[in-house]
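J.: The structure follows.
What follows is calculated from the coordinates using simple rules that are stated; it is not laboratory data. Since the structure is predicted, the reported quantities are computational estimates derived from the model, not experimental observations. For neighbour counting, all protein chains shown are included, and Cβ atoms are generated from backbone atoms with ideal geometry for every residue, glycine included.
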Amino acid sequence: MREFVVQASCLQALRRGNVPWRIRDALLIIIIIIILRRKPTLLKALIFDCDGVLADTERDGHRVAFNRAFQEKGYTFTWDVDLYGELLKVSGGKERMRHYFIQHGWPNDVKDQ
């Protein structure tokens, strides 16, 4: 019975969406372990993936999303593949934008630099 309570609590926390990613990942692992203990044949394979390992989500996903957001804000710059490759040396999207703006100038409508 205790495992059901842990599993239910984990799922509720995940649904709320206010769980830091490290805790979320730990909770998912706990849920998987509980499931496998009950029904070991339920899963045939389990793949753990870090962002960008199985698919290049940085170049073809995040970069494209940044450019769309810039366009929606009316900014005239875009991040091409080569530039974004350099920007990936800075971890974190917010930090990456700050780094770019420090080097190339801040958009006029940004108040908090």
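J.: Compute the length gained on full extension between residue 68 and residue 81: take 0.36 nm times their separation in residues and subtract their Cα-Cα distance, giving the result in nm to one decimal.
T.: 3.2 nm
J.: Let me ask something else about it. Could you go through the stretch 91-97 in sequence order and give the Karplus-derived ³J(HN,Hα) for each residue, using 6.51 cos²θ - 1.76 cosθ + 1.60 with θ = phi - 60°, rounded to whole Hz, and x for Gly and Pro?
T.: So the J values, rounded to whole Hz, are 7, x, x, 5, 5, 5, 5.
J.: What is the spin-label model distance, in nm, from residue 59 to residue 110 if the labels are put 7 Å beyond Cα along the C-beta direction?
T.: 2.5 nm
J.: Under a point spin-label approximation (7 Å from Cα along Cα-to-Cβ), what is the residue 103-residue 89 distance to one decimal in nm?
T.: A separation of 0.7 nm, rounded to one decimal place.
J.: More than 15 Å apart: what percent of Cα pairs in the stretch 57-104 qualify?
T.: Value for the stretch 57-104 (Cα pairs over 15 Å): 38 percent.
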